[in-house]
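Shown next, in structure tokens, is the structure this report addresses.
What follows draws every value from the coordinates through simple rules; no lab data is involved. Quantities reported herein were computed from a predicted structural model and do not represent experimental measurements. So basically every Cβ, Gly included, is an ideal-geometry build from the backbone, and we count neighbours across all protein chains shown.
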Amino acid sequence: MRGKVIKVNHEKGFGFIRGADGVERFFHKSGLQRTAGVAFEDVAPNMDVEFEAVDDAPKGPRAMEVLVR
């Protein structure tokens with residue numbers, strides 16, 4: 001799915017993405033794919049991303065395998 005980063009907390013290592021479906025999803029820096037050459041420290045609001053949506057996660061919707069475009 002495609003989406004945009006809406007918030008990122010570099011100190012704590014997580015952020016939130018709004019998917020094309022309008023759902024906000026949590027993502028952790030460990031879920032960021034390194035193939036795009038973008039480090040977590042470089043991720044910023046409004047960046048375009050692709051990700052795998054996991055909507056049945058125990059703590060709410062998550063974004064996994066996040067790839068910054």
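Select from segment 30-69 the residues that are under 17 Å from LYS4 (Cβ atoms) and basic (Lys, Arg) and write down the one among them that is surrounded by the fewest Cβ atoms within 10 Å (Cβ to Cβ).
So in segment 30-69, the residues under 17 Å from LYS4 (Cβ atoms) come out as 31-33, 36, 38, 40, 42-53, 61-69.
After this cut, where a residue has to be basic (Lys, Arg) as well, the list is 62, 69.
Working: ARG62: 20, ARG69: 10.
The qualifying residue surrounded by the fewest Cβ atoms within 10 Å (Cβ to Cβ) is ARG69.
Of all residues in segment 2-42, which are free of Cβ contacts under 8 Å to residues at least 12 places away in the same chain, under 16 Å from ARG69 (Cα atoms) and in a loop (DSSP other than H, G, I, E, B)?
The answer is GLY37, ALA39.
Consider VAL23 carefully, then state whether it is in contact with a Pro (Cβ under 6 Å, 6 or more places away or on another chain), surrounded by 14 or more Cβ atoms within 10 Å (Cβ to Cβ) and among the β-branched types (Val, Ile, Thr). Full working, then the answer.
On the way: in contact with a Pro (Cβ under 6 Å, 6 or more places away or on another chain): yes; surrounded by 14 or more Cβ atoms within 10 Å (Cβ to Cβ): yes; among the β-branched types (Val, Ile, Thr): yes.
Yes; evaluated as a whole, the condition is true for this residue.
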